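K.L.:
Below you will find the structure I want to go over with you.
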Amino acid sequence: MALTNGLEVQKEILDAEIKSFFDSAPPLKDSDDISGKLEEFVKKNSVPSGSGEVRRVVCVTSGGTTVPLEQQCVRYIDNFSSGHRGAASTEYFLKAGYAVIFLYRRGSCQPYCTSLPDDPLLESFECTDDSNIKVCQSHSEVVRNAITKTHAAVTGGLLLKLPFTTIFEYLQMLQMIAFSIRSLGPHAILYLAAAVSDFYVPWKSMAEHKIQSGSGPLDMRLVQVPKMLLVLRKDWAPRAFCISFKLETDSKILLEKADMALKKYKVHMVVANELSTRKEEVVVVRSNEKISVRRNQSPGVVDVECPLVELIVGRHSAYIENPDL
Ligand code: PAZ
């Protein structure tokens with residue numbers, strides 16, 4: 001009884017921290033547009049197909065969130081995430097028949113574009129004469145694939161792309177998505193691959209204008225971002241299959257931290273990865289298993305996300321059959 005009360009108090013404190021985060025965050029500029037798109041997307045994908053099968057929907061989060069240091073933002077704190085994991089995973093989920101809500105950092109990797117050069121406009125195209133531009137032969141296959149597959153997925157109502165930049169935008173949009181997929185119950189997945197800031201400057205204590213350098217060293221207090229995973233699981237979308245990611249640079253603590261996250265946030269699966277080897281290997285951590293998933297070296301299979309998504313689809317099918325196990 002005492003333990004239950006202790007947990008309840010912790011949950012109340014967390015709820016209050018989360019409320020204060022959202023209350024003080026700058027409101028999303030295009031929130032009506034986003035909710036309209038979400039509503040339409042979920043409605044369209046809730047209708048059972050001709051075979052009576054319910055479409056599965058996954059929200060893939062991708063890329064890093066920024067932490068603004070000024071309200072009229074000149075400077076911000078950022079992180080390493082390229083968005084490759086989220087973009088590649090989106091392709092494999094689409095291939096597996098899922099509809100995907102791709103919540104991505106503006107300017108990060110996009111589905112079907114991960115093998116384009118860094119500066120695709122300049123490197124994939126060439127001017128043939130004053131008025132004509134054509135795709136260079138060496139990139140034509142990739143460009144064609146990127147255009148046709150993206151177009152087919154978006155116009156077919158199977159891919160909804162929603163960009164964010166700041167931690168404020170990301171968490172507000174994630175909450176909106178979680179609320180909108182609730183109605184799909186166990187048919188929905190939350191695949192949280194974005195690298196989310198742990199610390200932020202609350203909007204109200206943030207300088208309005210560009211911080212001046214003349215006044216000596218910068219002394220700034222960052223506050224911890226409230227851990228929203230538990231409320232996401234318990235309150236926002238309690239029946240969705242929830243997968244979080246854990247990144248560490250020290251391999252000695254990685255699995256222990258992933259185990260802790262699994263227990264603390266009650267997610268269904270934690271995908272553990274190390275910074276330097278994240279493109280080669282991940283470990284899927286569940287309460288009863290730890291599975292190492294490696295990039296297949298055979299020709300044509302280039303991403304670790306391919307076997308990872310395959311494994312997740314299998315576990316998700318089992319979850320749909322029996323969500324209480
Ligand atoms: O975006 P990317 O492909 O460069 O990296 C993917 C990743 C390492 C950000 C992702 O696999 C991950 O672990 N995300 C969670 C990071 C964390 O907050 O622990």
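K.L.:
Can you list the aspartates and glutamates whose alpha carbon sits under 16 Å from that of residue 290, skipping same-chain ones fewer than 8 residues off?
P.N.:
256, 259, 274, 281, 310
K.L.:
Give the cross-link partners of residue 227 among the aspartates and glutamates, using a straight C-alpha distance below 14 Å as the criterion and excluding same-chain residues fewer than 8 apart.
P.N.:
Of all the aspartates and glutamates, those that pass the test against residue 227 - Cα under 14 Å, at least 8 places apart if same chain - are 12, 15, 17, 198, 235.
K.L.:
Work out the P(r) tail for segment 183-325: percent of alpha carbon pairs separated by more than 19 Å, whole number.
P.N.:
Details: 6159 of 10153 pairs.
The calculated P(r) of segment 183-325 puts 61 percent of pairs beyond 19 Å.
K.L.:
Would you be so kind as to identify which of 57, 36, 21 lies farthest towards the positive end of the dipole of segment 3-66, taking Lys and Arg as +1 and Asp and Glu as -1 on Cβ and the Cα centre as origin?
P.N.:
Comparing the listed Cα positions along the dipole, 57 ranks first.
K.L.:
Could you list which residues have their amide H under 5 Å from that of residue 162, counting only those 5 or more apart in sequence or on another chain, with H placed in the peptide plane?
P.N.:
102, 103, 104
K.L.:
I want to make sure I understand the PRE zone here: with the label point 7 angstrom from the Cα of residue 221 toward its beta carbon, which residues in segment 181-209 have backbone N atoms less than 16 Å away?
P.N.:
199-207
K.L.:
Let me ask another. Using alpha carbons only, how many angstrom separate the centre of segment 57-129 from the centre of segment 256-325?
P.N.:
21
K.L.:
Lys/Arg Cβ at +1, Asp/Glu Cβ at -1, dipole of the chain taken about the Cα centre: which of 116, 48, 272 is farthest positive-ward?
P.N.:
48
K.L.:
Can you tell which of 59, 73, 306 shows the greatest fluctuation in a Gaussian network model of the chain with Cα springs below 10 Å?
P.N.:
73
K.L.:
Return the sequence-ordered ³J(HN,Hα) values of segment 163-177 in whole Hz as given by the Karplus equation 6.51 cos²θ - 1.76 cosθ + 1.60 applied to θ = phi - 60°, using x for Gly and Pro.
P.N.:
3J(HN,Hα) across segment 163-177, in whole Hz: x, 9, 10, 8, 4, 5, 5, 4, 6, 5, 6, 4, 5, 4, 5.
K.L.:
Take the chain, connect every pair of alpha-carbon atoms lying under 10 Å apart with a spring to form a Gaussian network, then pick out the residue of 133, 167, 18 with the largest mean-square fluctuation.
P.N.:
In this elastic network of the chain, the residue with the biggest mean-square fluctuation among 133, 167, 18 is 133.
K.L.:
How big is the equivalent ellipsoid of segment 256-325 along its three axes, where each semi-axis is √(5λ) from the Cα gyration tensor, reported in whole Å from largest to smallest? Can you show the working numbers first?
P.N.:
Details: eigenvalues 105, 57, 10 Å².
In descending order, the three semi-axes are 23, 17, 7 Å.
K.L.:
Give me the Debye-computed log₁₀ of I(q)/I(0) at q = 0.12, 0.14, 0.15 Å⁻¹ for the chain, equal point scatterers on Cα only, no solvent, two decimals.
P.N.:
-0.92, -1.22, -1.37
K.L.:
With +1 on the Cβ of every Lys and Arg and -1 on the Cβ of every Asp and Glu, and nothing else charged, how large is the dipole of the chain about its Cα centre, in debye rounded to the nearest 20?
P.N.:
On the way: 38 positive and 39 negative charges, 168 e Å.
That gives the chain a dipole magnitude of about 800 debye.
K.L.:
Moving on. For the chain, set up a GNM with springs between Cα atoms under 10 Å and report which of 251, 138, 197 has the largest fluctuation.
P.N.:
Looking only at 251, 138, 197, the largest GNM fluctuation is found for 138.
K.L.:
Another question, then. Among the aspartates and glutamates, select those whose C-alpha is under 15 Å from the C-alpha of residue 279, and discard any that sit fewer than 8 residues away in the same chain.
P.N.:
Candidates past the 8-residue exclusion: 248, 303, 305.
K.L.:
Consider just the alpha-carbon atoms of segment 7-109 and return their Rg together with their Dmax, both in angstrom.
P.N.:
Spelled out, the Cα radius of gyration and Dmax of segment 7-109 are 17.9, 53 Å.
K.L.:
Past the 27 Å Cα-Cα mark, which pairs from 11/204; 19/252; 29/134; 95/264; 11/95; 204/252? Present the calculation step by step, with values, prior to reporting the outcome.
P.N.:
Values: 11/204 24 Å; 19/252 35 Å; 29/134 37 Å; 95/264 32 Å; 11/95 39 Å; 204/252 39 Å.
With Cα atoms farther than 27 Å apart: 19/252; 29/134; 95/264; 11/95; 204/252.
K.L.:
While we're on this one: With 10 angstrom as the radius, rank 302, 142, 271 by how many other C-beta atoms surround their C-beta, starting from the fewest.
P.N.:
Numbers: 302 15, 142 18, 271 25.
Listed from fewest to most nearby Cβ atoms, that is 302, 142, 271.
K.L.:
Over all directions, average the projected area of the Cα convex hull of segment 217-301 and note it in nm².
P.N.:
Numbers: hull surface 35.9 nm².
If I average the Cα hull's projected area over directions, I get 9.0 nm².
We did not get these values from a lab; they are worked out from the coordinates using the rules stated. Small disclaimer: the values here were computed from a predicted structure and weren't measured. Every residue, glycine as well, gets a Cβ built from its backbone with ideal geometry; the counts of neighbours run over all protein chains shown.
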